[in-house]
Amino acid sequence: MQKICVIGAGVIGLSSAVRIQDRFPNIDITIIADKFSPNTTSDGAGALFEVFAVGDTPFELVRKWAKETWDHLKNVAFSVEADSARVQHVSGYWVSGDPPKTSETSPDEESTSRRLTKEEGRLLFPRAKSGKFFTSYLVDCNSYLPWLMKRYVDKGGKIINKTIQSLDELYPLYDIIINCSGLYSYQLLGDKELFPARGETIRVHAPWIKHFYVQEIGEEITYIFPGSKNVVLGATFQKGNWNTEPNHRDGTALFERCCQIHPSLKMATVDYSWVGLRPCRSRVRLELEPRKAHTKCRVIHNYGHGGAGITLHWGCAQTVVDLIQDIINNTTINSKL
């Protein structure tokens, strides 16, 4: 029996582990991580499904991974699991200071999307040059990650709470390693293409907010997401900033931007502020590493999704499964030669 280890328990690691179990039900699989929900970067994500460019990652790959994730979220949102997983089917606005980008649309969005009207633009988004109103999916990761973890554990998945200093620790113990360590791959692998994009968000009590609002002006993105427990106000996108503590100046500016979009938020009660570091890279690294001479263990990397982890996670997990199947097939062929 193949022994597999998944490094990381964010949305990328958990989805990879669950999809591996679905495809290989008798596999011996272990998740190793130093942080679990509610303390992962994924837990604080705004988590609206929306397709956008992820560095230099080929856009046909982004759309493929996104389509598979969209189908998964749709199935969950309209199932009896929706309450436990907290996947919501929601509508809202996305506006930009740039002309429309017709290539960056969500799967099935053509049937649910319409252009922003002049009246909506004048009243809600006077700085916008383009925009749309559409339907998508919003994921409450504080519930979704535990839901994935329960699926994993119920199928016999193992868990180890540990910080891995080097992959050399794992080579003798496992046949396949799935590296979903996100930004930690900067230290673990010395991957200098990785860099943080600091995101600060504010959670507020504002139950009257029913739609999402996203405004993209230059590199400044402001969003309002109606979560199942509170409303998420975001966000900053500070490249190269490793600081994980809330900043009063950033938080104040963020709150004011959100109030400009929806003035009723001035009456909202602030629950808490949160900071996370998006694992950004020139392109998503999702690949099978070339075989090393000193070990039979194979390594698959699945990290560097930036702010698109939720949008891509289920599709990327399927690619991990496909790569594992390739490894197994090649091992079987070689053993017969």
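The values are calculated or read from the model by the stated rules, or taken from the named source; none is laboratory data. All of these numbers come straight from a predicted model, not from anything done at the bench. When we count neighbours, we look across all protein chains shown, and the Cβ atoms used for this are built from the backbone with ideal geometry, even at glycine.
Any idea which of (1) surrounded by fewer than 14 Cβ atoms within 10 Å (Cβ to Cβ); (2) under 30 Å from residue 190 (Cα atoms) is the one residue 207 doesn't satisfy?
Single failed check for residue 207: (2).
Out of 217, 261, I need the residue that is more than 30 Å from residue 328 (Cβ to Cβ), modelled with pLDDT under 95, surrounded by fewer than 17 Cβ atoms within 10 Å (Cβ to Cβ) and not polar (S, T, N, Q). Which one?
Being more than 30 Å from residue 328 (Cβ to Cβ), modelled with pLDDT under 95, surrounded by fewer than 17 Cβ atoms within 10 Å (Cβ to Cβ) and not polar (S, T, N, Q) holds for just one of 217, 261, which is 217.
Within the stretch 264-282, can you find the residues that are loosely packed, with under 15 Cβ neighbours inside 10 Å and over 15 Å from residue 206 (Cα atoms)?
282
If I ask for residues that are part of a loop (DSSP other than H, G, I, E, B) and out of contact with any helix residue (DSSP H, G or I) (no Cβ under 7 Å at 6 or more places or on another chain), which ones from the stretch 3-23 would you list?
9
Pick from 298, 285: which is crowded, with 19+ Cβ neighbours inside 10 Å, at pLDDT 95 or above and farther than 25 Å from residue 47 by Cβ?
Within the list 298, 285, the selection yields 298.
Please go through the stretch 283-299 and give me each residue that is among the β-branched types (Val, Ile, Thr) and under 18 Å from the mean Cα position of the chain (by Cα), ordered by number.
Within the stretch 283-299, just 284 meets the criteria.
Of these, 274, 314, which one is over 20 Å from residue 58 (Cβ atoms) and either within 26 Å of the chain's Cα centre (by Cα) or of a type in the set (Phe, Trp, Tyr) (or both)?
The unique qualifying residue is 274.
Quick check on the stretch 19-59: of everything there that is among the hydrophobic types (A, V, I, L, M, F, W, C) and surrounded by fewer than 21 Cβ atoms within 10 Å (Cβ to Cβ), which residue is farthest from residue 93 (Cα to Cα)?
Ranking the candidates gives 27 first.
What single numbered condition from (1) over 23 Å from the mean Cα position of the chain (by Cα); (2) at pLDDT 95 or above fails to hold for residue 82?
Going through the list (1) over 23 Å from the mean Cα position of the chain (by Cα); (2) at pLDDT 95 or above, residue 82 breaks only (1).
Of 261, 209, 300, 217, which residue is closer than 30 Å to residue 321 by Cβ and among the aliphatic types (A, V, I, L, M)?
Every option except 300 fails the conditions.
Six or more apart or on different chains, Cβ under 7 Å: which pairs go from a residue in the stretch 85-104 that's more than 19 Å from residue 73 (Cα to Cα) and surrounded by fewer than 20 Cβ atoms within 10 Å (Cβ to Cβ) to one that's of a type in the set (S, T, N, Q) and modelled with pLDDT under 95? Could you list them?
Between residues of the stretch 85-104 that are more than 19 Å from residue 73 (Cα to Cα) and surrounded by fewer than 20 Cβ atoms within 10 Å (Cβ to Cβ) and residues that are of a type in the set (S, T, N, Q) and modelled with pLDDT under 95, the close pairs are 98/130; 99/130; 100/130.
Yes or no: residue 242 part of a loop (DSSP other than H, G, I, E, B), exposed (fewer than 14 other Cβ atoms within 10 Å of the Cβ), touching a Ser or Thr at 6+ places or on another chain (Cβ under 9 Å) and touching a residue at least 40 places away in the same chain (Cβ under 8 Å)?
In short, no.
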